[in-house]
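The values are calculated or read from the model by the stated rules, or taken from the named source; none is laboratory data. Keep in mind it's a predicted model, so treat the numbers as computed, not measured. In this analysis, Cβ positions are derived from the backbone assuming ideal geometry, glycine residues included, and neighbour counts consider all displayed protein chains. Quick note on the areas: whole protein, heavy atoms, side chains included, nothing else; ligands and nucleic acids left out. Shrake-Rupley method; radii C 1.70, N 1.55, O 1.52, S 1.80 Å.
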Amino acid sequence: MNNFETVLPKPVAHDRHRNRKDVAMLMKTASQTLTEQLAARFAQRIRDRLLAPGARLPSVRLCAQQQGVSPSTVVGAYDQLLAQGLVEARRNRGFYVRESTLAPAERAQAATKNVASEGAENPAGQRHKAPVSATALIRGMFHGISDKPQPGMGVLPPEWLQSTFLATAVRRHCSVDALNAFSLQYGEPAGDLGLRRALSTKLSGLSIQATPEQIITTVGATHALDVVSRTLLRAGDYVMVEEPGWAIEFARLDALGMRILPVPRRADGPDLEVMARYCEALGEAHKPKLFVSVSVFHNPTGFCLSPSSAYRILQLAHQHNFHIVEDDTYSHFAPEHSTRLCALDGLQRTIYVGGFAKILAPNWRVGYMAAPTALAERLLDTKLLSTLTTPALLEKSLAWCIDQGQLRRHAERIRTRLDAARSRSVKLALQHGCTFASEPVGLFGWVDTGVDTDVLSQRMLDEGYLLAPGALFHADRAPGSLMRINFATTQDAQFWDTFARLREEQG
């Protein structure tokens, strides 16, 4: 147990019945009754996957207490949800979100997955269950829960990313002649050559030697991960993924029909004994084909890979003939000397994935991969089948930002600001009775709340806050007391006061 797992005294209790102006209270209006408002609130959460298929709604009595309405209002709202086909009533058990709220394509995919995996057990003896609401956090961010800073956000606040050099970079390539030169025909399949050269130089600073010919640009880092999966894997293949890990990665691989093998993530790297057991227990025909890893500032724990663990992972990869995808999404927040598998391996069995959504411009959607020379053409073919090429305007603009040192200076400013924000956020978390399951570093904190964060997250939505409960970061969606916080968006004492009050009411 490290220093950040020390249990601190609980905060002073709050008056549950005080007048709270910050609560998103239901109020009867001429156009909509309380029953209609409550039904609409739950309906929107169900459609946004913030209440996942199979999730249980609060009991009538509890919901009435939480929302400040009468039990009859809740009964009426639940009846409306029943009539809309969004929930189902289970005798003596309550109301549950219907599985059929999935879109037709999602239902077909789920059915196919269930048939394919029926009776299949992973080597650890646990049946794999697909994460049922992996996109809930993203949907919530896009729909704008409220104008409050969102603790579960996966990116920096827009005001942190504002700059003048982005507009300058784009304007440099927006003259009539320049636009005509690269807009009236498809661009280079692998991506703008100028950007690939800039990325080659940038990677060399991380001790990763990749020529421009080994680099392929993509529509964000997630697209790069998808290209790798579609190139190297087929439905039914086994893939090792760190757990806890990125919810979208679990869902994406599951959607492709892969069999996910969770590997516990430790402070110095993945659990090597579990990896070895997977490789040895499945037999030659069913060995894992791929390992997906975040070596530096792992999401959500913030752990960084140690050199000794890195060497042993590479030994396993060579011994058991699997590839490694190293997702370095958070590289801009980390020291350049951090241990990276691709640097040690020299891009032999490793594929490097990077992007700029976390540090520069999320909506530019510029990502890339650096791959072994022998795989580059296959990966490029997969890219061509999905997007043909990628937009040259933003790639050329990004190349200018890198070449002129604008990205480097911007990242330095962000790191300084993030260090200060992290210090304030950690102090508030500890003051409000939380503990940290790992050392607070990077963009995210892995916080133990002491209560079920799936339940807490629904109550926090009523207050306008979108949490990232720990269950989202596990392949089997198991509930627990952990949550991921964004240090840049959890410096507000009001959030922590609200969090502490609802946690107290819950537990």
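Which condition number does Thr489 fail, the rest of (1) touching a helix residue (DSSP H, G or I) at 6+ places or on another chain (Cβ under 7 Å); (2) buried (at least 19 other Cβ atoms within 10 Å of the Cβ); (3) β-branched (Val, Ile, Thr) being met?
(1)
Output the helices (runs of 4 or more DSSP H) that fall wholly within segment 300-412 and possess 2 or more residues being basic (Lys, Arg), or say none.
Helices (runs of 4 or more DSSP H) meeting the threshold: 373-387.
Only one of Ala429, Ala471 is outside any loop (DSSP other than H, G, I, E, B), at pLDDT below 95 and open to solvent by less than 10 Å² (accessible area, probe 1.4 Å); which?
Result: Ala471 is the single residue among Ala429, Ala471 that is outside any loop (DSSP other than H, G, I, E, B), at pLDDT below 95 and open to solvent by less than 10 Å² (accessible area, probe 1.4 Å).
Here is a check on your reading of the model: is Ala247 of a type outside the set (Ser, Thr, Tyr), within 24 Å of Ala411 (Cα to Cα), crowded, with 18+ Cβ neighbours inside 10 Å and modelled with pLDDT under 95?
No: the conditions fail for Ala247.
With the requirement that a residue be closer than 12 Å to Glu188 by Cβ and out of contact with any Pro (no Cβ under 8 Å at 6 or more places or on another chain), what does segment 389-405 give you?
Thr390, Pro391, Ala392, Glu395, Lys396 - these are the residues of segment 389-405 that are closer than 12 Å to Glu188 by Cβ and out of contact with any Pro (no Cβ under 8 Å at 6 or more places or on another chain).
Hey, could you check segment 49-64 for residues that are surrounded by fewer than 20 Cβ atoms within 10 Å (Cβ to Cβ) and among the charged types (D, E, K, R) and say which is nearest to the chain's Cα centre (by Cα)?
The residue in question is Arg56.
Quick one: which of Arg484, Arg477 is crowded, with 20+ Cβ neighbours inside 10 Å, at positive phi and not in a helix (DSSP H, G or I)?
Arg477
Under the condition of being open to solvent by 10 Å² or more (accessible area, probe 1.4 Å) and in contact with a Leu (Cβ under 9 Å, 6 or more places away or on another chain), which residue from segment 433-444 is nearest to Pro244 (Cα to Cα)?
Within segment 433-444, the match that is nearest to Pro244 (Cα to Cα) is Ala437.
Look at segment 447-456 and say how many of its residues are surrounded by fewer than 24 Cβ atoms within 10 Å (Cβ to Cβ) and either touching a strand residue (DSSP E or B) at 6+ places or on another chain (Cβ under 6 Å) or among the hydrophobic types (A, V, I, L, M, F, W, C) (or both).
5
Take the conditions open to solvent by 20 Å² or more (accessible area, probe 1.4 Å) and over 22 Å from Pro469 (Cα atoms) and apply them to Glu273. Does it pass?
Answer is yes for this residue.
Is it the case, given these coordinates, that Ser481 is in contact with a helix residue (DSSP H, G or I) (Cβ under 7 Å, 6 or more places away or on another chain) and either among the β-branched types (Val, Ile, Thr) or within 18 Å of Pro300 (Cα to Cα) (or both)?
yes
Can you pull out every residue in segment 163-197 that is closer than 22 Å to Lys383 by Cβ, of a type in the set (D, E, K, R) and open to solvent by 70 Å² or more (accessible area, probe 1.4 Å)?
Glu188, Arg197
Among (1) under 20 Å from Ser207 (Cα atoms); (2) at pLDDT below 95; (3) in contact with a Phe, Trp or Tyr (Cβ under 8 Å, 6 or more places away or on another chain), where does Leu344 come up short?
Result: Leu344 passes all but (2).
What tally of residues in segment 365-404 results from selecting those that are under 14 Å from His332 (Cβ atoms) and either of a type outside the set (Gly, Ala, Ser) or surrounded by fewer than 19 Cβ atoms within 10 Å (Cβ to Cβ) (or both)?
5
In segment 411-425, what residues are open to solvent by less than 40 Å² (accessible area, probe 1.4 Å) and out of contact with any Phe, Trp or Tyr (no Cβ under 7 Å at 6 or more places or on another chain)?
Ala411
Quickly run through segment 65-97 and pick out the residues that are modelled with pLDDT of 90 or more and buried (at least 17 other Cβ atoms within 10 Å of the Cβ).
Result: Val69, Thr73, Val74, Gly76, Ala77, Tyr78, Gln80, Leu81, Leu86, Val87, Phe95, Val97.
Of the residues Leu282, Leu232, Leu253, which is modelled with pLDDT under 95, open to solvent by 10 Å² or more (accessible area, probe 1.4 Å) and either touching a strand residue (DSSP E or B) at 6+ places or on another chain (Cβ under 8 Å) or not hydroxyl-bearing (Ser, Thr, Tyr) (or both)?
Leu282
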